[in-house]
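Data first, discussion second: the structure below is written as structure tokens.
The values are calculated or read from the model by the stated rules, or taken from the named source; none is laboratory data. Quick caveat, the model's predicted, so the values are computed rather than measured. Cβ placement follows ideal geometry from the backbone for every residue including glycine, while neighbour counts extend to all protein chains displayed. The protein model used for the area step is the full one, side chains on, heavy atoms only, and it has no ligands, DNA or RNA in it. Shrake-Rupley method; radii C 1.70, N 1.55, O 1.52, S 1.80 Å.
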Amino acid sequence: MDTDGYRHEQRRDSADYWLAKMVVEQLRARNIRDERVLAAFTKVPRHLFCPGVSLSETYGDHPVEIGCDQTISQPYMVAWMLESARLRAGDRVLEIGTGSGYQAALLAQLVARVFSVERIPELLNAARERLTRLGLENVTLRCGDGSVGWPDQAPFDAILYTAAAPEVPQEVRRQLAIGGRLLAPVGQRHHQNLLRIERIAEETYREEDLGGCVFVPLRGAFGWRD
Ligand code: SAM
């Protein structure tokens, strides 16, 4: 898609218009530079993941409700996380919090295998239908408590938390391959910092704080109880 052409596009009822505008004004303008990540955004129609929501809302610069008290994250937040994970085409990636399936669909464009876990069956079933309709066969979904990771499928080259965690337990860190990157919003219930944790040797992890963010809470064994 020609993402610069949207400025001349008069048809504001077209999803292509809103998608191109989102990529230019929310992602490129805020310094998302990884062309593979930007290309993935142009390939995945976000409106298929937000049924019943207008195009301007779906492609707006904010999270959107997807039912069951959950949200699909703001486009920039998703892009920031994907770029910061330094994904490579051959990677196996775990996503904790499938939600609508949007970020899993983006990941499916960027890496070899995606494993995504969601605790709410209704959301998982809807996500499964969308991913199947899009023909994305490299995504494996599971319903369950992702706060413990997915030990049976470890190790992963990247692990992405899409819900805010009070901490990242050893049990999940150990599911990273050596050289693997884990991105997680960690901190308080209503405000977190996006952490990048890299496993640089068997028992050595490097941790970086990439900046402030706000996510819905992670539940489950290593999540929030309230
Ligand atoms: N990545 C999603 C998308 O693209 O639509 C957005 C995810 S939403 C911000 C966070 C999701 O994490 C919610 O769907 C929520 O139900 C899920 N979640 C929270 N705690 C979880 C847990 N322990 N295991 C699995 N999923 C969890």
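Just a few scattered comments:
- For the range 61-120, the strands (runs of 3 or more DSSP E) that sit wholly inside it and include 2 or more residues that are near the ligand (Cβ under 8 Å from one of its atoms) are 70-72, 92-96, 113-118.
- Residues that are surrounded by 24 or more Cβ atoms within 10 Å (Cβ to Cβ), assigned to a loop (DSSP other than H, G, I, E, B) and on the phi < 0 side of the Ramachandran plot, drawn from the range 149-162: Thr162
- All positions within the range 73-98 that are closer than 24 Å to Gly223 by Cβ, open to solvent by 10 Å² or more (accessible area, probe 1.4 Å) and not hydrophobic (A, V, I, L, M, F, W, C): Ser73, Gln74, Ser84, Arg92, Gly97
- Answer from Arg92, Arg86, Arg28, Arg46 - the residue that is modelled with pLDDT of 95 or more and on the phi > 0 side of the Ramachandran plot: Arg86
- Checking each residue in the range 188-205 for being free of Cβ contacts under 8 Å to residues at least 24 places away in the same chain and either of a type in the set (Ser, Thr, Tyr) or more than 16 Å from Val172 (Cβ to Cβ) (or both) picks out Gln188, His191, Asn193, Ile200, Ala201, Thr204.
- Answer residue from the range 169-220, given it is open to solvent by less than 50 Å² (accessible area, probe 1.4 Å) and assigned to a loop (DSSP other than H, G, I, E, B) and is farthest from the ligand (Cβ to nearest atom) among those: Gln175
- Residues in the range 29-52 that are without any contact (Cβ under 8 Å) to a residue 12 or more places away in the chain and either assigned to a helix (DSSP H, G or I) or open to solvent by less than 60 Å² (accessible area, probe 1.4 Å) (or both): Ala29, Glu35.
- Criterion violated by Glu137 - all others in (1) within 14 Å of the ligand (Cβ to nearest atom); (2) more than 15 Å from the chain's Cα centre (by Cα) satisfied: (1)
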